[in-house]
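Some notes on the structure that comes next.
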Amino acid sequence: VGYDTIDVPALTRAGVRLTNTPDVLTDDVADTALMLLLAARRRLVAGDAHVRSGEWGRSGPLPLTRSTAGKHVGIVGLGRIGSAIARRCEALGLVVGYFGRSEKPGIGYRYFADVVALAEWSDILIAATSGGAGTRAIVSAAALEALGPEGSFINIARGSVVDEPALIAALRDGRLGTAGLDVFENEPFPDTAFRDLDNVVLYPHHASGTEETRDKMAQLVVDNLAAHFAGRALLTPVN
């Protein structure tokens, strides 16, 4: 759905139309955000290893983890996917706040005009904004610091939206509690420093990677092509 790596003005100048695949992947991506949130805060991967290795029987229970219900979740970008994440967070008993370019009318969530202020209010910060130059490192070192040692950062947006070296340092030093990441600055070869951190859950940019959603995405591509060659309006034009 994202097209931040495509030179849209150049396509437009050349008379080439661009389409993308919005809406059809919203639910799976939102579900992945919640999956990463719970996996990070409840240390799912560490718990799995604790059982598989036999360490549970040898050394006893896993250390206590962090709860979710009743906490504050801040969503950076309340578009289609961000809104779907917010609805799921409400169902988990979380209090929702958000950052966007402007406040959305008729939304009951608390609005923040600054990401650092949102992070300071939040126990969990979820990046769901679009990529590109305008959002590069919008989740800054200061925002991660404000989120704090008991906070969690979840990213299903783009690796570019967070200051990745600052994120690694904060996780390593314990200045940020946990993270769940589906996206990275350098894909498919993320910074190897992530491998040594046991307080981050890593996922291979696979939030939309279900049979059902990829079928719908492919069908939308075909439908756009059919519309183009039939001289009809494109279903999901970008330019």
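The values are calculated or read from the model by the stated rules, or taken from the named source; none is laboratory data. These numbers were taken from a predicted model, which means no experiment stands behind them. Accessible surface areas use protein heavy atoms only, side chains included; no ligands, DNA or RNA. Shrake-Rupley method; radii C 1.70, N 1.55, O 1.52, S 1.80 Å.
Laid out as a table, the results:
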| quantity | calculated |
| --- | --- |
| With Cα atoms, 0 to 90° folded angle of helix 80-91 axis to the chain main axis | 40 degrees |
| Rounded to 5, the percent of DSSP beta bridges in the chain classed as antiparallel | 5 percent |
| Within the accessible area of the chain (1.4 Å probe), percent carbon and sulfur | 54 percent |
| Length-normalised contact order for region 88-239 - Cα pairs under 8 Å, 6+ apart - percent | 15 percent |
| Angle between the chain longest axis and helix 26-41 axis [Cα atoms, degrees, rounded to 10] | 10 degrees |
| Rounded to 10°, Cα long-axis angle of helix 164-173 versus longest principal axis of the chain | 10 degrees |
| Fluctuation leader among Ser53, Ser140, Ser160 - the chain, Gaussian network, Cα springs under 10 angstrom | Ser53 |
| Highest-fluctuation residue, Gly79, Gly54, Gly100 considered, GNM on the chain with Cα pairs under 10 Å | Gly54 |
| Whole-number accessible area per residue in Å² for region 1-65, which is evaluated in the context of all protein chains at 1.4 Å | 62 Å² |
